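The values are calculated or read from the model by the stated rules, or taken from the named source; none is laboratory data. Since the model is a prediction, treat every value here as computed from it, not as a measurement. Using ideal geometry, Cβ is built from the backbone for each residue, glycine included, and neighbour counts are taken over all protein chains shown. To get the accessible areas, we keep the full protein, side chains included, count just its heavy atoms, and leave off ligands, DNA and RNA. Shrake-Rupley method; radii C 1.70, N 1.55, O 1.52, S 1.80 Å.
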Amino acid sequence: MSLRFHWFLPTYGDSRNLMAGGHGSSMSGDRPASLKYLNQIGAAAEDNGFESVLTPTGAWCEDAWLTTAMMIDTTETLKFLVALRPGLLSPTLAAQMAATFQWQSGGRLLLNVVTGGEDHEQRRFGDFLDKNERYARCGEFLDVTRRLWANDGPVSFDGKYIKVEEAALQRHPDPVPPIFFGGSSPAAGTVASQFADTYLTWGEPASAVASKIAWIRDLAEVQGRTLDYGIRLHVISRDTSEQAWAEADRLLSALDPKAIAAAQESLSRSVSEGQRRMRELHGGGDAYTAGADARSLEIAPNLWTGVGLVRGGAGTALVGSHEEVADRIAEYSSIGLDHFVLSGYPHLEEAYHFGEGVRPILEKRGLARPSARDNASTGTPFVSR
């Protein structure tokens, strides 16, 4: 088995510290998300064997489509897992954009479909549907989009939310971009089982992830479909476990208690089931007291919830030695995960820690293909802090 690894493109900025906000809240880092810096991250991801970079979407970050399109010529093999919000544009236009991206990039587009979990943020974009309606619309949107990509002739569709007449594409995507899709609510499961190629979950303990996989697999079986499965995690990997947890301690100690309180108050209003589950892992911040050891937020071996104290969305990290992180990835793989979408602070340096520390171990275990490095090195070219 060869697992597939993806990195994250922080189009809101980057930092050596944990950044507060995201998923409906303002977010920015002390390393601005300039094209020059994002290209450095893209190069680091490509050099370290990551298949693609995931881009977020929302009012709190740069536009995913424009940003990644500008990065095509600065990379060679790296793919772009571009976030797409159904309902903010027509399915015909989205299908056309995907076809153009595939043509101009040589087939390097993957799509991460995001329905939008925060009502107040959706309204900023002129979308006033509630959560369940957004998922219903998403299903209609993906139905039309997939029909257009299938090139079976003009598409007419008259749904509750989506209506097109004689829709057609002059160019069809080659290959058809795979659809990544996440969500923990019943409505999300229904859409995922019908239209997703890869179901993504935020990082939870292996037993909880196994339950989610079983849930989606059962729904997909009813549809006569088979999906891949993936997980979204942060990572802090070092030569020794002590070094990794020391970095987690540094990140935690730099957090302002007021920032934690503000973030948790904001996240408590989220209508996202996945966000509720993230908060539940660390008790909405109640399990943490100022000055506490990072290990107080370790909820399973090497699974740390400290990131979720201030960051919306994916709020857990794998923390440990390169060998320990590889062990956890192998454990997740054993329950059916194929894709690992990872990130770290800062994203540039952490890509090398993982690529030069963890990946060789996974390659020796037969869990990862050898990375095609032009100039292999024996150590991370950054000073650990």
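Details
- Counting only protein heavy atoms and a 1.4 Å probe, the chain has 41 square angstrom of accessible area per residue.
- Relative contact order of the chain, defined on C-alpha pairs under 8 angstrom at six or more residues apart (%): 21 percent
- Cα pair distances exceeding 27 angstrom across the range 1-141, given as percent: 24 percent
- FRET efficiency for the pair S207 and W103, taken as 1/(1 + (r/R0)^6) with r the Cβ-Cβ distance and R0 = 56 Å, rounds to 0.80.
- Length added when fully stretched, R269-F125, from 0.36 nm per residue minus Cα-Cα: 50.0 nm
- Computed from point charges on the beta carbon alone (+1 for Lys and Arg, -1 for Asp and Glu), the dipole magnitude for the chain about its Cα centre is near 300 Debye.
- Crossing angle, helix 35-47 versus the chain [Cα axis fit, 0-90 degrees, rounded to tens]: 80 degrees
- Over the range 137-184, relative contact order from alpha-carbon pairs under 8 Å, at least 6 apart, %: 31 percent
- For q = 0.14, 0.17, 0.20, 0.25 Å⁻¹, Debye-computed log10 I/I(0) when each Cα of the range 186-265 counts as one equal scatterer: -0.69, -0.80, -0.88, -1.11
- Computed over the range 246-374: relative contact order in percent, which uses C-alpha pairs under 8 Å that are six or more apart: 18 percent
- The count of lysine pairs in the chain that are at least 8 places apart or cross chains, and whose C-alpha atoms lie under 22 Å apart, stands at 4.
- Here the chain has 49 percent of its accessible surface on carbon and sulfur atoms, given a 1.4 Å probe and all protein chains in place.
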